[in-house]
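Since every read-out is calculated from the coordinates, none of them should be taken as a lab result. Because the structure is a prediction, the values reported are computed rather than measured. For neighbour counting, all protein chains shown are included, and Cβ atoms are generated from backbone atoms with ideal geometry for every residue, glycine included.
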C-alpha cells in the first residue's frame with residue numbers, strides 16, 4: 001500500500017518580510033522520503049528533516065506525524081513562485097502550491113515630481129512612480145478637493161495614472177496635488193507635489209469714476225492678481241502716495257488675489273483728479289486708473 005497525499009497543497013499569500021508556512025500532508029509514508037523543491041529553479045530545499053538548500057531562512061518541521069511543514073522566514077519577493085512536495089515512490093508522486101509574496105506600495109522619490117514652478121499658459125506633467133506587488137494603482141487628487149483638468153477637457157476630483165498632464169496651466173490649477181499609491185496591501189502611501197503658477201499682475205476696477213463732495217471721506221478700490229506676490233501702491237500725478245493723516249492705503253490678500261483700497265479723509269479741492277493703482281512683480285507690472293470728481297453740495301431752500 002503506497003503513501004498518498006492527505007490534503008491538497010494550499011496556495012499561500014504572505015506580506016514581504018513575514019513568515020511563509022507551506023504544509024504537505026502525507027498518509028502512510030512508511031520508509032519513503034519527503035522532499036520539498038522549488039519548481040522554477042529546480043532546487044531541492046529539504047529531504048525528510050534535513051534542510052539541503054544554502055538558504056538559512058528555510059526550516060522543516062514534522063508535525064502530527066503526517067504534516068511536513070516548510071517555513072520560510074523573512075520572506076523576500078524572490079521567494080515568490082511554485083513549490084513542490086514530492087514522495088520518492090516509483091513512479092514518484094508530487095503536488096505543487098503557489099507562494100505569492102505581496103509588498104505594500106512605496107513611492108519612489110526619483111522619478112516622482114518635486115514641487116513645480118510653471119509659467120501660466122505652458123504645459124506641465126506631474127509624474128508619480130511607485131513599486132509594490134501587486135503593481136500599485138496611482139491616483140492624483142488635489143489637497144482641497146478642487147477639480148483636476150483631464151486630457152479630454154473635462155474636470156474630475158481624481159485622475160488615475162502615473163502621469164498627470166495639464167495643458168495650458170492656469171492660476172486655478174495652482175496648489176497641492178497628492179499622488180496616492182495603493183494595491184490593496186496596507187498601508188496606502190501618498191506624496192504631496194506643489195504646483196506653483198507664475199503670472200504677471202492684472203488689475204480690475206469696479207468703479208473707474210468716483211464722485212465726492214468736499215470734506216467727505218471716500219474709498220477707491222482696485223482688485224489685482226499676481227504670482228509671485230506683487231508690490232502694490234497708489235499714484236497721483238506720477239508721484240507715489242505716501243500714507244499720511246488723510247491718505248490711508250490698505251491691501252487685503254487672499255492667495256494670489258489682492259484688494260487695494262485708498263481711503264481719503266475729508267476730501268479737499270486738490271484731491272480731485274486721476275489716481276492710479278499699480279501692481280508689480282518679477283514678470284511685469286500693470287496699473288489701473290480711477291477718476292475722482294467733485295460733486296457740488298446742493299443747498300435746499302424752503
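A few remarks follow.
- In the frame of its principal axes, region 4-102 has Cα extents of 36, 25, 24 Å, reported largest first.
- Whole-Å distance, taken between Cα centres, linking region 44-117 and region 118-184: 38 Å
- Inter-centroid distance (Cα atoms) of region 217-241 relative to region 244-294, Å: 4 Å
- Spin-label pair residue 269-residue 64: with each label point 7 Å from Cα along the Cα-Cβ axis, the two points sit 11.0 nm from one another.
- Extent along principal axes [Cα atoms of region 108-198; Å; largest to smallest]: 38, 26, 21
- Using 0.36 nm per residue and subtracting the Cα-Cα separation, the extra length available between residue 147 and residue 5 on full extension is 45.3 nm.
- Shape summary: the chain maps onto an equivalent ellipsoid whose semi-axes, from the alpha-carbon gyration tensor, are 81, 16, 14 Å in decreasing order.
- Over the chain, Cα pairs under 8 Å with separation of 6+ residues give a relative contact order of 13 percent.
- Kirkwood Rh, angstrom, region 50-93 [1 / mean 1/r, Cα pairs]: 12.4 Å
- Scattering profile of region 205-294 at q = 0.21, 0.25 Å⁻¹ [log10 I(q)/I(0), Debye over alpha-carbon scatterers]: -1.00, -1.33
- Relative contact order computed over region 161-302 (Cα-Cα under 8 Å; 6+ residues apart), in percent: 26 percent
- Note on region 114-261: Cα-only Rg and Dmax are 22.1, 77 Å.
- Take every Cα pair under 8 Å whose residues are at least 6 apart in sequence, average their separation, divide by the length of region 108-198, and the relative contact order is 36 percent.
- Tail fraction, Cα-Cα pairs, region 76-151, threshold 18 Å, whole percent: 66 percent
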